[in-house]
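Contents: one structure, followed by commentary.
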Amino acid sequence: MNSAKPARRSIAARIALPAGLALAGLGSLAATSAAQAQSGKASWYASGHRTASGERFNPNGLTAAHRSLPFGTMVRVTNQANGRSVVVRINDRGPFAHGRIIDLARGAGKAIGMDGVARVAVAVVD
């Protein structure tokens with residue numbers, strides 16, 4: 001007599017969702033993976049007292065603002081004009097300027113040779 005029940009798969013494994021949708025309580029299934037590799041315009045900023053995560057903003061730090069990635073996520077930002085890259089930690093929300101995908105703290109912008117706005121590639125670091 002075999003009374004072993006088949007292994008239950010999570011509801012997320014049984015339901016296919018369109019990109020960017022999430023099930024309540026399970027977090028985003030596709031939004032994070034879609035945000036793991038992006039390219040577009042980036043800017044840098046140097047003002048502010050507190051970030052959206054609650055920590056004090058350090059304009060010379062290696063941090064960034066992103067619209068959807070979780071706080072604490074490490075991402076590699078590569079300046080596509082010169083190939084220089086830097087790994088930054090997401091600790092704020094933004095950018096709020098149309099057409100930009102990430103805002104870097106001034107220190108991170110300097111590290112990749114940004115002067116104002118630059119075209120960058122953003123990839124989540126494991």
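Computed values, structure above
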| read-out | value |
| --- | --- |
| When residues of region 23-48 are limited to those that are within 22 Å of residue 117 (Cα to Cα) and modelled with pLDDT under 90, the one least open to solvent (accessible area, probe 1.4 Å) | 35 |
| Looking only at region 49-70, and only at residues there that are more than 18 Å from residue 119 (Cα to Cα) and among the hydroxyl-bearing types (Ser, Thr, Tyr), the one that is least open to solvent (accessible area, probe 1.4 Å) | 51 |
| Pair list, Cβ < 7 Å and 6+ apart or interchain, from region 44-60 residues that are in contact (Cβ under 8 Å) with a residue 12 or more places away in the chain to residues that are among the hydrophobic types (A, V, I, L, M, F, W, C) and open to solvent by 80 Å² or more (accessible area, probe 1.4 Å) | 53/71 |
| Unmet criterion (only one of (1) at pLDDT 95 or above; (2) assigned to a loop (DSSP other than H, G, I, E, B)) for residue 9 | (1) |
| Within region 111-122, considering residues that are in contact (Cβ under 8 Å) with a residue 24 or more places away in the chain and surrounded by fewer than 16 Cβ atoms within 10 Å (Cβ to Cβ), the one nearest to residue 81 (Cα to Cα) | 119 |
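The values are calculated or read from the model by the stated rules, or taken from the named source; none is laboratory data. Everything quoted here is computed from the prediction, not taken from an experiment. Neighbour counts run over all protein chains shown; Cβ positions are idealised from the backbone, glycine included. Heavy atoms of the whole protein, side chains included, go into the accessibility calculation; ligands, DNA and RNA do not. Shrake-Rupley method; radii C 1.70, N 1.55, O 1.52, S 1.80 Å.
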